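Taking it in order: structure first as structure tokens, then the write-up.
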Amino acid sequence: MTQHLTSPISLTTVDAPDQPSPTPALEELYRGFERELLVPLWTEIGDLMPAHPRSRAVPHVWRWQNLLGLADRAGSLVPVGRGGERRAIALANPALGGRPFATPTLWAAIQYLMPGEDAPEHRHTQHAFRFVVEGEGVWTVVGRDPVPMNRGDFLPQAGWNWHAHHNAADRPMAWLDGLDIPFQYGTESQFFEFGRDSISDEERTTPERSRSQRLWGHPGLRPVSAPGTTSATPLLNYRWVDTDAALADQLELEDDGSAGTVEPGHAAVRYTNPTTGGDVLPTIRAEMHRVRRGVETAPRREAGSSVFQVFDGSGTVTVGDASWRVERGDLFVVPSWEPLSVRSEAGPSDSDSGALDLFRFSDTPILEALRLDRTAVEATR
Ligand code: GTQ
Ligand code: FE2
């Protein structure tokens, strides 16, 4: 008995024009295709070659407070160690079959370490980053360089680097992981190796600055000892103080009548590889956006998918037909070609007059490398 990977062709669902009407001969032709494991383009073209991307993923929001509560329970019930490797709990897009995929290409997870806990060393081809929405006290040790993690810090970590994490504080800490796990799963390109079961005392030190930061963390300056370019950034931590200043300066320039923002009231910066000026990772783009209170951004579509986390402030987010009020820590998914618009507005728990700060990561470097990137901006509603 032949195993059918696709459903049998039904003559009644062939809705292309100029199709012959069903006859016994045509039926026999289609049964012949099935026996030989063949599928004609004309029955599939609408699905395979749509006029524009139609994502399998759907827009969805995950509430940080709910994630945090469950991560904390996992902290007391589930140990972290060799084999399971990480206490990381992934966002599963409701339209991707229960798989731990936020989008068809991107993994997003909350990771949680209890006081004094270690996550063992390993390495993998998947490119990764950490983003810290709150808390402090964890050091991630990348290639034996202990890197501090504090609120607002962005820590990219290119594939195949050894890495371990340890919580040096007396409180649990949670953070966001982003990886290209679904993309590498789809391309079947993954490799993985265990490292040492525990890190050395020297790596367990908690320096205020990583070695990579001392070498690469000075704007517009590179060490002469490291010429050339690297495909991923050698800088392992991008600190909030710098990101915040860059966004504040863009908005201050706008106040002074100068250009530089994405659109009125909407400042944005992209994390870059200091050796190239390009994206920090080969497969993942990361940005921080700041939308002034009261401002609504123009609906924007992009080929490829994104995940956002609210870093500060609150507001209303509209993705395609979905719309949610969001606040600090909340995560949401923007599938390919779904229009995104954001309105920054104070919520009941917001006392300050601050803006809405949104961390964003996307698969755009993959699309750009293949010349598949496209955007469309609609007029503001
Ligand atoms: O921290 O090394 O969320 O390897 C998924 C896979 C985190 C990590 C994840 C990983 C890690
Ligand atoms: Fe890892």
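The values are calculated or read from the model by the stated rules, or taken from the named source; none is laboratory data. In this text, all values refer to a predicted model and were calculated from it rather than measured experimentally. Positions of Cβ are generated from backbone atoms using ideal geometry, with glycine treated the same way; all protein chains shown enter the neighbour counts. Protein only, heavy atoms only, side chains kept; ligands, DNA and RNA dropped before computing areas. Shrake-Rupley method; radii C 1.70, N 1.55, O 1.52, S 1.80 Å.
One residue stands out among those in the range 174-186 that are part of a strand (DSSP E or B) and crowded, with 22+ Cβ neighbours inside 10 Å: the one that is farthest from ligand 2 (Cβ to nearest atom), which is Ala174.
Table: residues versus (1) touching a strand residue (DSSP E or B) at 6+ places or on another chain (Cβ under 6 Å); (2) open to solvent by less than 50 Å² (accessible area, probe 1.4 Å).
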residue	(1), (2)
Ile199	yes, yes
Arg209	no, no
Leu247	yes, yes
Ala259	no, no
Gly265	no, yes
Thr297	yes, yes
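All conditions but one from (1) more than 18 Å from the chain's Cα centre (by Cα); (2) touching a residue at least 12 places away in the same chain (Cβ under 8 Å) apply to Arg371; the one that does not is (2). Of these, Asn150, Asn161, which one is within 27 Å of Val269 (Cα to Cα), surrounded by fewer than 23 Cβ atoms within 10 Å (Cβ to Cβ) and away from ligand 1 (no atom under 11 Å from the Cβ)? After ruling out the rest, the residue left standing is Asn150.
Results for (1) in contact with a Ser or Thr (Cβ under 8 Å, 6 or more places away or on another chain); (2) surrounded by 22 or more Cβ atoms within 10 Å (Cβ to Cβ); (3) assigned to a loop (DSSP other than H, G, I, E, B); (4) modelled with pLDDT of 95 or more, shown as yes or no for each residue.
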| residue | (1), (2), (3), (4) |
| --- | --- |
| Ala268 | yes, no, no, yes |
| Leu281 | yes, yes, yes, yes |
| Arg290 | no, yes, no, yes |
| Gly304 | yes, yes, yes, yes |
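Being within 9 Å of ligand 1 (Cβ to nearest atom), under 17 Å from Asp197 (Cβ atoms) and either buried (at least 19 other Cβ atoms within 10 Å of the Cβ) or at pLDDT 95 or above (or both), is that true of even one residue in the range 125-136? So far as the range 125-136 goes, no, none of its residues is within 9 Å of ligand 1 (Cβ to nearest atom), under 17 Å from Asp197 (Cβ atoms) and either buried (at least 19 other Cβ atoms within 10 Å of the Cβ) or at pLDDT 95 or above (or both). Taking the range 221-232 as the range and being more than 16 Å from ligand 2 (Cβ to nearest atom) and either surrounded by 12 or more Cβ atoms within 10 Å (Cβ to Cβ) or at pLDDT 95 or above (or both) as the test, the residues that pass are Leu221, Arg222, Pro223, Val224, Ser225, Ala226, Gly228, Thr229, Thr230, Ser231. With respect to the conditions (1) under 30 Å from Pro335 (Cβ atoms); (2) more than 12 Å from ligand 1 (Cβ to nearest atom); (3) assigned to a strand (DSSP E or B); (4) open to solvent by 10 Å² or more (accessible area, probe 1.4 Å), Ile89 falls short on a single one, namely (2). Against the test of being without any contact (Cβ under 8 Å) to a residue 24 or more places away in the chain and within 21 Å of the chain's Cα centre (by Cα), the options Ala268, Ala259, Ala232 yield a single qualifying residue, Ala268. Considering only the range 71-119, state which residues are in contact with a Pro (Cβ under 6 Å, 6 or more places away or on another chain), farther than 15 Å from Phe131 by Cβ and within 16 Å of ligand 2 (Cβ to nearest atom). Once the filter is applied, which keeps residues that are in contact with a Pro (Cβ under 6 Å, 6 or more places away or on another chain), farther than 15 Å from Phe131 by Cβ and within 16 Å of ligand 2 (Cβ to nearest atom), the range 71-119 yields only Arg82. Just one of (1) on the phi < 0 side of the Ramachandran plot; (2) part of a loop (DSSP other than H, G, I, E, B) fails for Gly228. It is (1). Within the range 100-124, being in a strand (DSSP E or B), of a type outside the set (Phe, Trp, Tyr) and open to solvent by 30 Å² or more (accessible area, probe 1.4 Å) holds for Asp118, Arg123.
Residues in the range 285-312 that are touching an Asp or Glu at 6+ places or on another chain (Cβ under 6 Å) and within 18 Å of Thr243 (Cβ to Cβ): 5 in all.
Let's see how each residue does on (1) out of contact with any His (no Cβ under 6 Å at 6 or more places or on another chain); (2) under 27 Å from Trp337 (Cβ atoms):
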{"position": "Leu48", "(1), (2)": "yes, yes"}
{"position": "Arg73", "(1), (2)": "yes, no"}
{"position": "Leu96", "(1), (2)": "yes, yes"}
{"position": "Thr103", "(1), (2)": "yes, yes"}
{"position": "Asp118", "(1), (2)": "no, no"}
{"position": "Glu121", "(1), (2)": "yes, no"}
{"position": "Gly135", "(1), (2)": "yes, no"}
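If I go through the range 125-152 residue by residue, how many of them are of a type in the set (Val, Ile, Thr) and either more than 12 Å from ligand 2 (Cβ to nearest atom) or part of a loop (DSSP other than H, G, I, E, B) (or both)? The qualifying residues number 5.
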